[in-house]
1. Taking the Cα centre of each part, how many Å lie between the stretch 54-132 and the stretch 33-52?
2. Amide H to amide H under 5 Å from residue 98: which residues, 5+ apart in sequence or cross-chain, H placed 1.01 Å off N in plane?
3. So, R0 is 25 Å and r is the distance between the beta-carbons of residue 119 and residue 97; what FRET efficiency does that work out to, to 0.05?
4. On full extension of the chain, what length is gained from residue 132 through residue 104, given 0.36 nm per residue of separation minus the C-alpha to C-alpha distance?
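Just so it is clear, none of the values below were taken in a lab; they were calculated from the coordinates. This is a predicted model, so every value here is computed, not measured. Note: ideal-geometry Cβ built from the backbone for every residue, glycine included; neighbour counts use all protein chains shown.
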Amino acid sequence: MAAAQGHFSDHSDGDRGTDETADSTDTNPVPPAFRRAVEALRSARLRSEIEIDPTRPPQRLAPYAYAVEAAVVEGEEDLADGRLVLLHEPAGHEAWKGTFRLVTLIRAELEPEMAADPLLPEVCWSWLTGAMEARGSRTGRRAGP
């Protein structure tokens, strides 16, 4: 299984751009908690049908950000795609109730009947939160359906 790869923005280059290694500088050291979180994402073991590509993270949502795009591929067919963004505000963020926020976007083609089901958002949300809880993930504030 492949290890996850991505880009992250540590702003150590002065222009808030991406930096593959995000080396610390004297003027803007990368917080150790952020480094550990990024390393955990990069070393995640993925299912064989998931392909990961680095992408530029958002530049204004938090001082530190890391992002990857993913696709679920079966043969030559893309079944779904999405983006995962890790945001870090070392001083904390009131709306987050903590120092980190993990944001996901998932897109998949659905049959019209399934897409019209009013319970679809809640079911998908319960799958995500259930998977997080099963792995011992702690959250401060969840935002979803």
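1. Cα centroid of the stretch 54-132 versus Cα centroid of the stretch 33-52: 14 Å apart.
2. For residue 98, whose amide H was placed from the backbone, the distant partners under 5 Å are 93.
3. On the way: r = 28 Å, r/R0 = 1.10.
It comes out at approximately 0.35.
4. Numbers: separation 28, 0.36 × 28 = 10.08 nm, distance 1.31 nm.
Contour length minus the Cα-Cα distance gives 8.8 nm.
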